[in-house]
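To start, the structure itself, in structure tokens.
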Amino acid sequence: MTRPIRNVGLLMIPITSLLTFGINIAIPSAAGVGAVVGTTMIPLLLRAGFKPAAAAAAVLMGTTGSLLSPGLSHNAYVSDMAHMTIMELISYHGKFSLMIGVVGAIGLFIVCWLLGDNKGEKTSVQALEQQEATTDFKPSPIKALVPLIPIVLMLVFTFWVPTVKMGVAQAMVIGTIVCLLVSFKKPQQFSKEFFKGMGDSYGAIMGIIIAAGVLAAGLTASGLIKGLISVMVQSNEIAQWGGSIGPFVLSVLMGSGDAGAMAFNSAVTPHAAEFGMNIHSLGSLAFLAGAAGRTASPIAGITILVAGLAKANPFDVAKRTFVPMIVAVVLLAIFMR
């Protein structure tokens, strides 16, 4: 699979982002889709010669696809506030959600091109070549397809067999069982490695996520979050632009697209008529901008997760997603009225 990737070149970056965007509709959890897609695509991007930060950013940029999912909590919250059905609300903001995905993919392509991310790092390439030279490893197409099993299960049961509720955890467990059968490893050894991997991931990732949560709590306790929301309520013009810029800034600072958007929609969106706006438009604008802000945040859980998979610095990853997400938010503020 690495040969055609090398031929595609930088186009692999937007392809990965759009692929992740589509799968994120079926798997609304950013961390879930990051774990499923990232463990498959990031190694392929690294092997194709992309820098680790670019490989991680390609997956991160596609994690706004959940905006189109009926299972997203924001769709339920805003639709209830606006007295609409969830699908009516998605039909309203669908074109803007797709715009975020497309602008993000194209923007990331341009940023990676400017940074020369397709040239890769010499140390990583040399390490891979040395590994190939010193091992008698023989590729197995069957084993190579095993990591795709959870993705296939999620797509099949979501779109063609919706009566079967297939969650991320169930799909991953089934994939793990298939992996055991295909690898012909001893169950005792397999289970030890399985839980060792879970423990390593918890220690390396969850600790930093908890630290990010402490930072968010500190920003709230200091009054900064409340102060920003108060300024938006006082001015109609600020509220109109604040519906996008405000949740975006809050989400970048807090590392959570949910917290900033929920705070805005709870305090400001019920007063939308006073600003000359509709509840469904202001509410949708807020959580779309919040998702963009989370994608641009270096302390977001999903940023830390994909950065860990690629062994990259989360700030280097966010540097590549920040500008495209700012462009997307400005376009939202201009057209989503």
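The values are calculated or read from the model by the stated rules, or taken from the named source; none is laboratory data. Keep in mind the model is a prediction, meaning the values are calculated, not measured. Quick reminder, even Gly has a Cβ in these numbers, built from the backbone with ideal geometry, and neighbours come from all protein chains shown. For the accessible areas, the whole protein counts, side chains as well, though only heavy atoms, and no ligand, DNA or RNA atoms are used. Shrake-Rupley method; radii C 1.70, N 1.55, O 1.52, S 1.80 Å.
Per-structure values
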read-out	value
Backbone HN-Hα couplings from phi across the range 15-26 [Karplus 6.51/-1.76/1.60, Hz, Gly and Pro as x]	4, 5, 5, 5, 5, 5, 4, x, 5, 5, 5, 7
Extended-chain gain in nm, criterion 0.36 nm per residue less alpha-carbon gap, LYS186 and SER140	14.7 nm
For the range 281-295 and the range 49-85, distance of Cα centres in Å	10
Lysines with Cα under 30 Å of LYS319, excluding same-chain neighbours fewer than 8 positions away	LYS51, LYS95, LYS119, LYS122, LYS226, LYS311
Heavy-atom accessible area ranking, 1.4 Å probe, most first, across MET336, MET262	MET262, MET336
Ordering of 279-289, 169-179 by packing [mean C-beta count within 10 Å, highest first]	279-289, 169-179
Ranking by accessible area, most exposed first, for TRP241, TRP113, TRP160 with a 1.4 Å probe	TRP160, TRP113, TRP241
10 Å binning of all Cα-Cα separations within the range 34-79, expressed as whole percents from 0 upward	26, 39, 22, 12, 1
Solvent exposure, largest accessible area first (probe 1.4 Å, DNA, RNA and ligands not counted), of SER222, SER251	SER222, SER251
Accessible surface of THR39 - all protein chains present, 1.4 Å probe, nearest 10 Å²	80
